[in-house]
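Data first, discussion second: the structure below is written as structure tokens.
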Amino acid sequence: MNIIEIRNITKQYPKSEKKANNNISLDLIKGEILCVAGENGAGKTTLMKILCGLEKPDYGEIKISGNIGMVHQHFTLFPEFTAAENIVIGREPRKWKIFTDNKKANEIAKKIIKENNFSVKTNVKIKDLTLGERQQVEICRILYRNADIIILDEPTSILTELEIKTLFITLKNLANNGKSIILITHKLHEIKQICDRVAVLRNGELTGIRNVSEIDMEEISRMMVGDFTENIFRQNNTDDSFSDLSDTKKKTEQPVIEFKNVTVRRKGQKLPLLDDVTFSVRANEILGFTGVGGNGLGVIEAVLGGFLHPAEGKIYHNDIDITRFNIRALRKQGLTYVPADRINVASALDATIEENVMINDIDNNLKSIKKKIKDFKDKYKIDIQNTKAKASTLSGGNLQKLILAREINKLKDYIVFSNPTWGLDTQSSGFVINEISELKKKGAAVILISTDLDEIISLADKIIVMYRGKISGIVENNGVNGIKEKVGRLMNNMECEIRNEE
């Protein structure tokens, strides 16, 4: 029994030379998990927005039997509200049919979180949650509304491995109980692991629908990207953009960035957000931070980015005390930074693509900015149709690549990445990982914050595992077997401990 029937859907945005969706037809069967796969800009999210009524197609029709809920890649939460308030918003339990029953709302939220083995705390404001925890709140909000059809846009991009496992158990249970699920992803192993069928989009067109049990990952890749003759994974980088990183810096043992006993506190909170954290990163080194969501990764990022200042301790850049520097001063000092939150921190969606690139080059004229964008398009394979279009017209993956290109282009001697491959397709992720590795070879000091163990282990020379604002373990990544298991065991033990306490 089909719960959704999509017929000949076509959509072309103004100022765009190509169709985002071109004559797409597919069905969703009741109780199945259908993957909609494709590279960045393939048209996956546009199709789902049309399905949910957030976009209007130029042509085609859709038949739906049931209610739809969508967990967006870019969250639609209220940052000043708690997790519980966001879960029940719009359908709040009432006292005397007038006032919101906050106690009941909290109980409802806790029940949903516990049933699905999530870890988020109901009384914490969204602005204080990590991206992974915000993802959990989005999913809980959909589940609270008893949607018959659940659409998830890249739901695992910023979850830890244990969180992904528990999410997949939840999705399989929901499907077994009659829910119909559409999973938007480009991760081939996830398609094989959880999905019943896969519908592949490429350049806005449907290239095929197959039963997952009858297709291997290589064939799915071929459907997604076509001929493999073009290899965008650069093994040798001859670009000399960062030749100003001197040999002296490459050879010295002097830290480029150093934290000494840094403690961060928030007014009214008993436990510090960061507790006596000490580390350093040198030229030609990648220092990785990982951990369970809510255990200090977001705070490390906020301190490095100038959004939070330590209550105790010192931060140094090349022996210069930058502890109290604001964001502007840090940028002038040499900070280049790719935030986890590309929507609210790294970009201005209502500004043009030119303006989003120009933010780092205010003194440059428009002609040089246009040339720079062209260089970014060619080097990073960014699908930009019109530089004067709003940044919001870019797909999530293409926006992420634009931010990466902009920040790497301004690199002086250190750069901070937070979940840099979030939302990127397989080839683009490989490109970015290779690019980060090249930055290290050219003398940069790189700080990589990520919940993706594969990403951390493939890049970092040293891995710091955070737990409740403290450094709980430091693992030297010497290339021997067992590194992933060692780091993963540390993280899994923490998640289990937190859940047992709750």
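The values are calculated or read from the model by the stated rules, or taken from the named source; none is laboratory data. As the structure is a computational prediction, the values presented were derived from the model and not from experiment. Here the Cβ positions follow ideal geometry from the backbone for every residue, glycine too, while neighbour counts run over all protein chains shown.
Structural remarks
- Scan of the stretch 47-73 for residues that are touching an Asp or Glu at 6+ places or on another chain (Cβ under 8 Å), in contact (Cβ under 8 Å) with a residue 40 or more places away in the chain and of a type outside the set (A, V, I, L, M), ordered by number: K63, S65, G66, N67, H72, Q73
- Residues located in the stretch 448-502, provided they are farther than 27 Å from G430 by Cα and at pLDDT 70 or above: Y467, R468, G469, K470, I471, S472, G473
- Subset of the stretch 419-457 that is acidic (D, E) and either more than 13 Å from the chain's Cα centre (by Cα) or not in a helix (DSSP H, G or I) (or both) - its residue that is surrounded by the most Cβ atoms within 10 Å (Cβ to Cβ): D425
- Top-ranked residue in the stretch 148-200 [being polar (S, T, N, Q) and free of Cβ contacts under 8 Å to residues at least 24 places away in the same chain; ranked as nearest to V225 (Cα to Cα)]: N173
- Pair list, Cβ < 8 Å and 6+ apart or interchain, from the stretch 248-277 residues that are on the phi > 0 side of the Ramachandran plot to residues that are small (G, A, S) and modelled with pLDDT of 75 or more: N261/G313; D276/G313
- Matching residues, the stretch 143-156, being out of contact with any helix residue (DSSP H, G or I) (no Cβ under 6 Å at 6 or more places or on another chain), surrounded by fewer than 22 Cβ atoms within 10 Å (Cβ to Cβ) and on the phi < 0 side of the Ramachandran plot: R145, A147, D148
- Number of the condition not met by V357 [criteria: (1) surrounded by 15 or more Cβ atoms within 10 Å (Cβ to Cβ); (2) aliphatic (A, V, I, L, M); (3) out of contact with any helix residue (DSSP H, G or I) (no Cβ under 6 Å at 6 or more places or on another chain); (4) assigned to a helix (DSSP H, G or I)]: (3)
- Sole residue being surrounded by 17 or more Cβ atoms within 10 Å (Cβ to Cβ) and farther than 30 Å from Q12 by Cβ, chosen from A329, A340, A391, A346: A340
- When the stretch 334-353 is filtered for residues that are out of contact with any strand residue (DSSP E or B) (no Cβ under 6 Å at 6 or more places or on another chain) and closer than 16 Å to L411 by Cα, the ones remaining, listed by number, are G334, L335, A346.
- Any hit, the stretch 89-111, residues being surrounded by 15 or more Cβ atoms within 10 Å (Cβ to Cβ) and closer than 25 Å to I3 by Cβ: no
- Residues that are of a type in the set (D, E, K, R) and over 18 Å from the mean Cα position of the chain (by Cα) were ranked within the stretch 145-177; the one that is nearest to E92 (Cα to Cα) is R145.
- Every pair of residues 6+ apart whose Cβ atoms lie under 8 Å, when the first sits in the stretch 1-29 and is touching a residue at least 60 places away in the same chain (Cβ under 8 Å) while the second is among the aromatic types (F, W, Y) and outside any strand (DSSP E or B): A20/Y13
- Test: V416 is buried (at least 19 other Cβ atoms within 10 Å of the Cβ), modelled with pLDDT of 85 or more and assigned by TED's automatic domain parsing to the domain that holds K440: yes
- Checked against the criterion of being touching a residue at least 24 places away in the same chain (Cβ under 8 Å), more than 25 Å from I29 (Cα to Cα), in contact with a strand residue (DSSP E or B) (Cβ under 7 Å, 6 or more places away or on another chain) and crowded, with 21+ Cβ neighbours inside 10 Å, the stretch 74-87 has at least one qualifying residue.
- Just one of the listed residues (S25, S16) is more than 30 Å from A340 (Cα to Cα), surrounded by fewer than 16 Cβ atoms within 10 Å (Cβ to Cβ) and of a type in the set (S, T, N, Q), namely S25.
- Yes/no for T170 being of a type in the set (S, T, N, Q) and within 22 Å of S428 (Cβ to Cβ): no
- Taking the listed residues I68, I24, I9, I89, the one that is under 30 Å from T421 (Cα atoms) and within 26 Å of the chain's Cα centre (by Cα) is I68, with no other qualifying.
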